[in-house]
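Following: one structure in structure tokens, then a few remarks.
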Amino acid sequence: MFISNMTLPRRTVLRGLGAALALPFLDAMVPAFAPGARAAGKTAHRFLAFYVPNGMAMEHWTPKGEGSAFELSPVLEPLAPFRDQMLVLSGLKANWNYIHAGASGSFLTGTTRGGRNEVEIIADVSMDQLLARQFAKETQVASLELAIDPPANAGACTGNLSCVYTHTLSWRSPTQPLPVEYNPRAVFEKLFGDAGSTERAAREARLRQHKSILDSVNDKLTRLRGELGPEDQGKINEYTESIRDVERRIQKAEEQKDLEIPTIEQPQGVPPVFEDHVALMLDLQLLAFQSDLTRVITFMISKEQSARSYPQIGVPEAHHPLSHHGNLPDLIAYMSKINRYHVQLFSNYVARLRATRDGDGSLLDHMTILYGSGISNSNAHAGDNLPLMLVGGGAGKLKGGRHLQYGDQPTMANLLVTLMDKLDVPVEKLGGSTGRLPIDTLSGV
């Protein structure tokens, strides 16, 4: 650790011209010889829910073997480098098993019921929002609700129920679902400021100016670097280069001048290529976690009933129709390719988290990531034996490298209550929970 005469507050923010740049965790934020320095430098524990839709080809997902002796399945193989921080959970069932609405609607709420038509909207407070209430005391942004697909908060989408069930995971109250954000520009400006307009003249003026968030705080950054040690200077440089790269990619998306954009409060910056869009949204998440702007994020790589096709991996069929494969081996194989592709994109993100320094470890060490779907066998809309895993070090509270199989069919809500304990925000009950899960032993029973 570099020892200097200066001590930066943990929540240092550089401001300039409508922008606010929060800094990552630096050695200078921990006074080397101050009483309680270890406590002052305690790193944050962060939570991410990473949702994949339309169920899973379970025979290609479920690992062979239990405990630490399990073998990675074909779908999970891309995560091999992170096996030691993976905890695969089998045997849990959904609390509300109602086709696609119940899948995403109960994933973080553990609700046992929903509305009966497209205008009756009811569930339970979701786990992420319970965390957000607590963590908002320490962060500028209580939580982020992100997705790749545009939100639909009206109309019926599945089983004559409201589209909100399939288009979000987050519920602030039993009757208040939170809309997702899919536009990278809007997310960037929520984190760093510098908001504008999508009115064409203003948008074209912005493109001509090439205005950068970093440019507005550049003088302050330069002065700060001169007062920091080499290790902290390196962290600042890596962080600001990541921000500039994200700015550049958003600007590239905005340069599609032929794209018709409705006039709204924020300029559009949605890349037309799926992989580019996903990568940009994941990089924004990394920046938000790295700068401790938020500690709670939900991310839907696609919504339930998504009809997206994946010709780039040899699957031209639409995802949702393909998920109803009629148990035909060829179609199940296609489904498994989509499932594995989602895991590969997730694995790329996990690699970035592990490579990003955070306190005495990495961002991955200090995160609990819940990855999975609210449907298992997609052909039957099955709600039993959900495909779920926990990834990350959990700030020292998760023991990875294991596959736990639960024989008594506990519910998803029981897992959510257990994770609340791990995140130091304990609750007695969440949704339809009936207790807690043993996830600290080699056996799931």
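Each Cα pair under 8 Å and six or more residues apart adds its sequence gap; the mean of these over the residue count of the chain is a relative contact order of 30 percent. In loop segments of the range 90-139 as defined by DSSP, the trypsin sites (Lys or Arg not before Pro) with at most 14 further C-beta atoms inside 10 Å of their C-beta are R116, K137. From the residues Y334, G91, T43, which one has its Cα farthest along the dipole of the chain in the positive direction, the dipole being from +1 and -1 charges on Cβ of Lys/Arg and Asp/Glu about the Cα centre? Of Y334, G91, T43, it is T43. Counting only DSSP H runs of at least 4 residues, each contributing -39500 (n - 2.57), and dividing by the residue count of the chain, the helix-based mean residue ellipticity at 222 nm comes to -9500 deg cm²/dmol. Of N183, G65, L131, which is farthest on the positive side of the dipole of the chain, counting Cα position, with +1 on Lys and Arg Cβ, -1 on Asp and Glu Cβ, and the Cα centre as origin? Towards the positive end, the residue furthest out is L131.
Across the range 321-423, Cα pairs under 8 Å and at least six residues apart give a relative contact order of 19 percent. With the charge dipole of the chain set up from +1 on Lys and Arg Cβ and -1 on Asp and Glu Cβ about the Cα centre, the Cα lying farthest toward the positive end among the listed residues I250, A152, G394 is that of G394.
Remark: the chain carries a charge dipole of roughly 680 debye about the Cα centre, counting +1 on each Lys and Arg Cβ and -1 on each Asp and Glu Cβ.
According to the square roots a ≥ b ≥ c of the eigenvalues of the Cα gyration tensor, what is the shape class of the chain, taking rounded for a/c under 1.5, prolate for a/b larger than b/c otherwise, and oblate for the remainder? Oblate shape, in that a/c is at least 1.5 and b/c is the bigger or equal ratio.
Beta-bridge orientation, the chain: approximately 50 percent antiparallel, per DSSP, counting only bridges with both partners inside. For L364, the shell of other residues with beta-carbons less than 12 Å away shows a net charge of +1, using +1 for Lys and Arg and -1 for Asp and Glu.
Out of the range 77-152, which GluC sites (Glu not before Pro) are coil in DSSP terms and have no more than 11 other C-beta atoms within 10 Å?
Listed in order of number, the matching sites are E120.
Stretched out straight at 0.36 nm per residue, the stretch from T222 to R10 would grow longer than its current Cα-Cα span by 74.4 nm. Arranged from fewest to most other beta-carbon atoms within 10 Å of their beta carbon, I439, I375, I213 become I439, I213, I375. Per the Debye formula on identical point scatterers at the alpha carbon atoms of the range 317-445, with no solvent, log10 I(q)/I(0) at q = 0.16, 0.19 Å⁻¹ is -0.97, -1.18. For the residue pairs K190/K429; K190/K252; K64/K337, alpha carbon separations beyond 22 Å are given by K190/K429.
All of the numbers you see were taken from the coordinates with simple rules; none came from a lab. All values derive from a computational prediction rather than experimental measurement. Cβ sites come from the backbone with ideal geometry, for glycine too, and all protein chains shown count toward neighbours.
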